[in-house]
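First, the structure itself, so that you have it in front of you.
The values are calculated or read from the model by the stated rules, or taken from the named source; none is laboratory data. None of these values were measured; they are calculated from a predicted model. Every residue, glycine as well, gets a Cβ built from its backbone with ideal geometry; the counts of neighbours run over all protein chains shown. Just so you know, the surface numbers come from the protein's heavy atoms only, side chains and all, with ligands and any DNA or RNA stripped out. Shrake-Rupley method; radii C 1.70, N 1.55, O 1.52, S 1.80 Å.
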Amino acid sequence: MKIKVVRDILEANQRIASENREIFTRHGVFVINLMSSPGAGKTTLLERTIESLKDTIPIGVIEGDIRSSIDAERIDKLGVPVVQINTDGACHLDGNMVRECLGELDLSSLRLLFVENVGNLVCPAEFKIGEDHKVMILSVTEGDDKPSKYPLMFRESSVLLINKIDLLPYIECDLERIKSSARDINPGLEIFEISCKTGEGLDRWYRWIKENLSS
């Protein structure tokens, strides 16, 4: 019975996510589902990305957190439309949560929509929301064993951003082990080494966004 219930939940979410995707496609909005563990740097990456691209690409953001609007307030200061979703305990966003907040965004005025998912390396990978791509951030401070421990997240993502590389001189983390393990799971995974603090590597990430927007 438990297996059937879980299957029913996932199938229902998939239907709603597919409907969301139709809505985004109709409005010409490219959607990135941004995932990571807490503290890996999702919001900082969004800030840097928005600052770099907002003058040429109309951007909107959906912020997902269990509680508070701290991250949405940070994004709001950048002058782009932002909507906060509080899950009140749920460890991920799903298609229905995203659907319910779409009326608060003028999709016809957007070209790029970021959805910052709840900080978690498990559940967000299981639930589609209508995105074009899932993008994962992994901080080097989390260690180099995460692909082996959380394979679904790496399998479902199109891009892996390895963040905080400016801290590598001070910690033990094998970048090559991360990349090799991640590509064993997902051979097509794009991997960018970045530092949101120094800006290193971010140009490649911006270029990936622009190339996919035009494709």
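Ranked from highest to lowest mean number of other Cβ atoms within 10 Å per residue, what is the order of the peptides 169-177, 78-86?
Working: 169-177: 11.7, 78-86: 18.2.
Order by mean packing, descending: 78-86, 169-177.
Can you give the charge dipole size of the chain about its Cα centre, rounded to the nearest 20 debye, using +1 on the beta carbon of Lys and Arg and -1 on the beta carbon of Asp and Glu? Mind dumping the intermediate values first?
Working: 27 positive and 35 negative charges, 83 e Å.
Dipole about the Cα centre, nearest 20: 400 debye.
So what is the accessible area of segment 1-105 per residue, in Å², with the probe set to 1.4 Å? Please report the intermediate quantities before stating the final value.
Values: 5410 Å² over 105 residues.
Computed with neighbouring chains in place, this is 51 Å² per residue.
Measure of size requested: the Rg and Dmax of segment 58-137, with Cα atoms as the atom set and Å as the unit; please supply both.
12.0, 33
Suppose every Lys and Arg Cβ carries +1 and every Asp and Glu Cβ carries -1, with no other charges. What dipole size does segment 117-214 come out with about its Cα centre, to the nearest 20 debye?
Numbers: 13 positive and 17 negative charges, 38 e Å.
Dipole of segment 117-214, to the nearest 20 debye: 180 debye.
Okay, next question. Per the 1.4 Å probe, what fraction of the accessible area of the chain, in percent, lies on carbon and sulfur atoms? Let's see the in-between values first.
Values: 4950 of 10240 Å².
Carbon and sulfur atoms account for 48 percent of the accessible area of the chain.
What does the charge add up to near S195, with Lys and Arg as +1, Asp and Glu as -1, over the other residues with Cβ less than 9 Å from its Cβ? Numbers along the way, then the final one.
Values: positive: K164, K197; negative: D166, E193, E200.
Taking every Cβ under 9 Å from that of S195, the sum is -1.
So, one more: Do you know the relative contact order of the chain, to the nearest whole percent, from alpha carbon pairs under 8 angstrom that are 6+ apart? Walk me through the numbers on the way to the answer.
On the way: 396 pairs, mean separation 51.2, N = 215.
Relative contact order here is 24 percent.
Grab the Cα-Cα distance for E172 and E104, subtract it from 0.36 nm times how many residues apart they are, and report the gain in nm with one decimal. It would help to have the intermediate numbers written out before the result.
Numbers: separation 68, 0.36 × 68 = 24.48 nm, distance 4.40 nm.
Contour length minus the Cα-Cα distance gives 20.1 nm.
Tally Lys and Arg at +1 and Asp and Glu at -1 over the other residues with C-beta under 14 Å from the C-beta of L78: what net charge comes out?
Working: positive: R48, K54, R74, K77; negative: E47, E51, D55, E63, D71, E73, D76, E116.
So the surrounding residues net to -4.
If you wrap a convex hull around the Cα atoms of segment 87-177, how much volume per residue is inside, in Å³?
Values: hull volume 11.8 nm³, N = 91.
Convex hull of Cα atoms, per residue: 129 Å³.
Say we join alpha carbon atoms closer than 10 Å with springs in a Gaussian network model of the chain; which of L112, L189, L167 then has the biggest fluctuation?
Answer for the Gaussian network model of the chain: L167.
May I ask which of K149/K197; K54/K128; K54/K146; K77/K128; K42/K164; K128/K164 have a Cα-Cα span longer than 22 Å here?
Details: K149/K197 27 Å; K54/K128 26 Å; K54/K146 32 Å; K77/K128 28 Å; K42/K164 11 Å; K128/K164 27 Å.
The pairs that break the limit, which is 22 Å between Cα atoms, are K149/K197; K54/K128; K54/K146; K77/K128; K128/K164.
Kindly provide the pair-distance distribution of the chain built from C-alpha pairs, with 10 Å bins from 0 and whole-percent values in order of increasing distance.
Taking all Cα pairs of the chain, the binned fractions are 8, 35, 38, 16, 2, 0 percent.
Using the alpha-carbon centroid of each, what span in Å lies between segment 123-154 and segment 165-215?
Taking the Cα centre of segment 165-215 as reference, the centre of segment 123-154 is 13 Å away.
Taking a ≥ b ≥ c as the square roots of the Cα gyration tensor eigenvalues, with a/c under 1.5 meaning rounded and otherwise prolate when a/b beats b/c, else oblate, which class fits segment 146-215?
Numbers: a/c = 2.61, a/b = 1.08, b/c = 2.43.
It comes out oblate by the Cα gyration axes.
Here's another thing I want to ask about it. Got a sec? Charge dipole of segment 95-215, +1 on Cβ for Lys and Arg, -1 for Asp and Glu; which of I185, L213, C196 is way out at the positive end?
L213
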